[in-house]
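Only one structure is covered here, and it is reproduced in the block below.
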Amino acid sequence: MDLKIENLHVLYNHVTALRGISIEVKSGDFITLIGSNGAGKSTTLRTISGLVKPSLGTVTAQGQRIDGMAADEILKLGIAQVPEGRRIFKDLSVIENLRLGAFTRNNKAEVNQDLHRVFQIFPKLQERQGQHARTLSGGEQQMVSIARALMSRPKLLLLDEPSLGLAPIIIREIGKTLIDINQAGVTIVLVEQNADLALRLARYGYVLESGKIALENDAEHLANNDHVKKAYLGI
Amino acid sequence: MDLLVQSIVNGFIQSGFFALYAVGLVLIFGVMGVVNFAHGELVMVGAYTVWFLHAQHGVPFLWTILIAIVIVTAIGMAMERFLFRPKRNDPLGGLICSIGVLFILQIAATLIGGDGPSKQVPPPYQGTFVLFESLRIPVQRVFSIAVSLAALVALWLFLTRSKMGWALRAVAQDREASSLQGINTNRISMIAISIGAAMAGLAGALTAPLTNINPHMGHNIIITAFIVTIVGGVGSLSGAVLAAVLYALFHTMVTTYFSATIATISGLLIMVLVLIIKPTGIMGRSVSD
Ligand SMILES: Nc1ncnc2c1ncn2[C@@H]1O[C@H](COP(=O)(O)OP(=O)(O)OP(=O)(O)O)[C@@H](O)[C@H]1O
Ligand SMILES: [Mg+2]
């Protein structure tokens, strides 16, 4: 799914979170937004998803203006988000969480097929499908969050720090999964503080600093940029 | 001994009403974040409907139960649409609006029925079951507990077996994350208040032949609903039902051996103790359990 963000400004009461960012994503692409705490990464994703309304600027998906649309309507266009902090339904079972990801879909056979597919990606979740989500480990909960987003069959997947708090081995697993999903045709926008991981996975990257885009380039180039190395890769 | 058994049975029958009151309050609070102070008045409107249509105008009792449910549900839906939705991000505003509705409904009841003595509805189902020679259970009460139980089971099935039920529990847990799943949270709020109000209307209709009907009857009901909800764990439906059973038994016992006033005062004390010692209640988590 093509996504175009132009001159986006977001205000929270009196705090300016975004001051005019423009991002363009082509269908099938894998891009990343990196930046430090408070740079505006989550705000960007939340605005795309319709949780936050911009004070200025536009968001266009597949040629259609979506800023101003309600979040549930935006999901129906094929834009799903794995939100910051997982936000799974902890008092519901794993399977209920996953089926809620497919809330807007009516074809039962297709939903069951996708359920089968996410269970192949995350076999752990199949074992634990009847358990309350709160009884899962942090990594498993992150898997639920990603699997839930996949259950809507998104064309564009937004992920907000999926690696946060996870063991390196699980991060690697999730990274592989994202590449598979992208190769299956899903456009991905990945927000990460783990810049090293993000720049290895994505094709193109944006560096956000205090609500503005400080740098953008192919991920490989960004990874070799002196400023990025110093500020985000710790080299 | 007979008195003890009799009051246990009466307590169980009473618990159906308590559960219906509390479940609606919990649903509305869980999904919409509003403490509905007018909940007792919704029950009162249900009771008035039966008094007015059945006792005054001879409409068959079963019909008036349905009509009571429809009227009270409509009031609930209007509250959501015109008060709670505009005040969605302002829980205090929603609460104050609900207090306004409380007064409006009390005044409406006074206008319709006058401010004289409490009204009575003669029980449509006469007769008494006698068990073990001395245990007496009026047919009217058996009817009310059977219908209450059926309503609670239907609600439980809806919440655990249907997609809309899951969505409702999801919205109660995380409104924003629910909207990210494509759930229209305004629609779910409407469903939640409809169910809560329908339960209140049903409770009011069922209780009409068993109680004194007056414009202020909602007062005791909301106190009961608060005690049950808080003891059960604010937001927990199964907790509310369990607490309804326990509190109804307790309340009936104390009423039998002492007085209703002492029963209510001790109930409030228990509520305060729960708030101090275990604020999450006996089950407390969320609408989902
Ligand atoms: N609900 C809110 N109300 C007020 N200010 C907010 C709100 N949400 C975010 N902000 C502010 O907006 C700015 C951007 O926040 P945002 O969450 O987008 O940052 P981020 O890049 O995702 O940071 P992190 O890496 O810590 O998650 C911050 O200065 C933050 O304090
Ligand atoms: Mg963030």
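Just so you know, all these numbers are worked out from the coordinates, no wet-lab data involved. Small disclaimer: the values here were computed from a predicted structure and weren't measured. As a convention, Cβ positions derive from the backbone with ideal geometry for all residues, glycine included, and neighbour counts pool all protein chains shown.
Descriptive notes on the structure:
- Calculated over region B:144-289, the projected area of the Cα convex hull averaged across directions stands at 9.6 nm².
- Of all DSSP beta bridges confined to chain A, the antiparallel ones make up roughly 55%.
- In plain terms, the bigger the Kirkwood radius, the slower the diffusion; for region A:172-223, with that radius from Cα pairs, at 4 °C and 1.567 mPa s, Stokes-Einstein puts D at 111 µm²/s.
- Calculated FRET value between A:HIS221 and B:MET164, using beta carbons and R₀ = 45 Å, to 0.05: 0.35
- 5 angstrom amide H check on A:GLY57, placed H, neighbours 5+ away: A:HIS9
- Mean ellipticity per residue at 222 nm, deg cm²/dmol - from DSSP H runs of n ≥ 4 across chain B, formula -39500 (n - 2.57): -23500 deg cm²/dmol
- DSSP bridge orientation in the protein assembly as shown - percent antiparallel, rounded to nearest 5: 60
- The alpha-carbon atoms of region A:1-77, seen along their principal axes, cover 32, 25, 19 angstrom, with the largest extent given first.
- Rg/Rh (Cα only; Kirkwood hydrodynamic radius) as it applies to chain B: 0.97
- For chain A, adding -39500 (n - 2.57) for each run of n ≥ 4 DSSP H residues and dividing by the number of residues yields -10000 deg cm²/dmol at 222 nm.
- Among A:SER210, B:LEU4, B:ALA203 - extreme Cα towards positive end, dipole of the protein assembly as shown, charges at beta-carbon: B:ALA203
- What you get for the protein assembly as shown, charging only the Cβ of Lys and Arg (+1) and of Asp and Glu (-1), is a dipole of about 320 debye around the Cα centre.
- Within chain B, helices built from complete DSSP H runs that reach 18 Å or longer along their own axis (Cα positions) and carry a mean Kyte-Doolittle hydropathy of 0.5 or higher are B:2-32, B:61-79, B:91-113, B:139-161, B:185-207, B:218-232, B:237-257, B:260-277.
- Computed from phi, the 3J(HN,Hα) profile of region A:213-227 under the Karplus parametrisation 6.51, -1.76, 1.60 (θ = phi - 60°) reads 8, 7, 8, 8, 4, 4, 4, 4, 5, 4, 4, 9, 6, 4, 4 Hz, with x in place of Gly and Pro.
- Interatomic Cα distance distribution for chain A, bins of 10 angstrom, percent: 8, 33, 37, 19, 3, 0
- Simple point charges give the picture: +1 on the Cβ of Lys and Arg, -1 on the Cβ of Asp and Glu, and for region B:17-217 a dipole about the Cα centre of about 380 debye.
- Max mean-square fluctuation residue, GNM over chain B, Cα-Cα springs under 10 Å, options B:LEU66, B:LEU149, B:LEU273: B:LEU273
- Region B:240-285: C-alpha gyration tensor shape, a/c 1.5 cut-off, then a/b vs b/c: oblate
- When only the Cβ of Lys, Arg, Asp and Glu is charged (+1, +1, -1, -1), the dipole of region A:88-153 relative to its Cα centre reaches about 100 debye.
- Normalised by the number of residues in chain B, the average gap of Cα pairs under 8 Å and 6 or more apart makes the relative contact order 36 percent.
- log10 of Debye I(q)/I(0), alpha-carbon scatterers only, for region B:115-226 at 0.17, 0.19 Å⁻¹: -0.94, -1.05
- The residues B:LYS278, A:LYS90, A:LYS4, when put in order of fewest to most other Cβ atoms within 10 Å, stand as B:LYS278, A:LYS4, A:LYS90.
- Distance (nanometres) between label positions extended 7 Å along Cα→Cβ at A:THR16 and A:GLN64: 3.3
- Ranking of B:ARG175, A:ARG46, B:ARG81 by neighbouring Cβ atoms within 10 Å, starting from the fewest: B:ARG81, B:ARG175, A:ARG46.
- Residue of B:ALA205, B:ALA197, B:ALA151 that the Gaussian network model of chain B assigns the largest fluctuation, springs spanning Cα pairs under 10 Å: B:ALA151
- For chain A, built as a Gaussian network whose Cα springs stay under 10 Å, the top-fluctuating residue of A:ASN217, A:ASN37, A:ASN106: A:ASN106
- Spin-label pair A:ARG117/A:ARG200, simplified geometry with 7 Å Cα→Cβ offset, distance in nm: 2.6
- Dipole of region B:17-217, positive direction: furthest Cα of B:ALA170, B:ALA55, B:GLN140, with charges on the beta-carbon: B:ALA170
- Lys/Arg +1, Asp/Glu -1 at C-beta; chain B dipole; positive extreme among B:LEU242, B:GLY93, B:PRO117: B:GLY93
- In plain terms, the C-alpha convex hull of region A:88-153 casts an average shadow of 3.7 nm² when viewed from every direction.
- Estimated FRET transfer efficiency when R0 is 25 angstrom, pair A:ILE235-A:GLU84 (beta carbons, to 0.05): 0.45
- Inter-label distance for B:ARG187 and A:GLN183, nm, one decimal - labels placed 7 Å from Cα along Cα-to-Cβ: 3.8
- Between region A:1-62 and region A:102-153, the C-alpha centres lie 27 angstrom from each other.
- Exposure proxy ranking for B:VAL5, B:VAL72, B:VAL101, based on other Cβ atoms within 10 angstrom of each Cβ and starting from the fewest, stands as B:VAL5, B:VAL101, B:VAL72.
- Here the translational diffusion coefficient of the protein assembly as shown follows from Stokes-Einstein with Rh set to the Kirkwood radius across Cα pairs; for 37 °C and 0.692 mPa s it amounts to 128 µm²/s.
- Cross-link partners of A:LYS229 among lysines (Cα-Cα below 27 Å; sequence separation of 8 or more within a chain): A:LYS26, A:LYS41, A:LYS176, A:LYS212
- Efficiency of FRET from Cβ geometry, A:GLN193 and A:GLU127, R₀ 41 Å, rounded to 0.05: 0.85
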